[in-house]
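One structure below.
The values are calculated or read from the model by the stated rules, or taken from the named source; none is laboratory data. Keep in mind it's a predicted model, so treat the numbers as computed, not measured. All Cβ positions, glycine included, derive from the backbone under ideal geometry; neighbour counts span all protein chains shown. Side chains are part of the model used for accessible areas, which takes the heavy atoms of the whole protein and leaves out ligands, DNA and RNA. Shrake-Rupley method; radii C 1.70, N 1.55, O 1.52, S 1.80 Å.
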Amino acid sequence: MEWTKEKYERFEKFILGDDMDFYEEYTIHLTDEEQEKFFVENPEFMSEYPISRDMIHLLRDPMYRGLMRKIKKYETGEREKY
């Protein structure tokens with residue numbers, strides 16, 4: 001099977017991408033119960049973000065996700081480009 005450049009890029013993003021991006025693309029559409037099960041089955045998921053498992057419902061809010069990204073950038077020393 002030959003992969004197109006687009007398929008390869010999607011796969012690379014899926015494997016190497018940020019957990020928040022993965023959450024927004026695949027997990028956000030799950031029900032609360034399905035999300036909770038996903039987080040239990042994948043304990044390292046979102047571990048680079050300061051969020052507790054009992055507050056995952058906050059991830060549905062785009063403003064909250066934006067704040068989490070900014071906190072991660074600050075903590076890792078990543079600078080925003082203006």
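Could you please tell me the mean projected area of the C-alpha convex hull for the chain, averaged over all directions and given in square nanometres to one decimal?
The directionally averaged projection comes out at 7.2 nm².
Per-residue counts of other Cβ atoms within 10 Å, averaged by peptide: what ranking do you get for 14-21, 63-70, highest first?
63-70, 14-21
With a 1.4 Å probe and every protein chain left in place, work out the accessible area per residue of the chain in Å², rounded to a whole number.
So the chain comes to 82 Å² accessible per residue, rounded to a whole number.
Take the Cα radius of gyration of region 39-82 and divide it by 2.2 N^0.38 Å, with N its residue count; two decimals is plenty.
1.25
Roughly to the nearest percent, how much of the accessible area of region 13-82 is carbon and sulfur, given a 1.4 Å probe?
Result for region 13-82: 57 percent of the exposed heavy-atom area is carbon or sulfur.
To the nearest 20 Debye, how big is the dipole of the chain about its Cα centre, given +1 on the beta carbon of each Lys and Arg and -1 on that of each Asp and Glu?
The dipole magnitude comes to about 420 debye.
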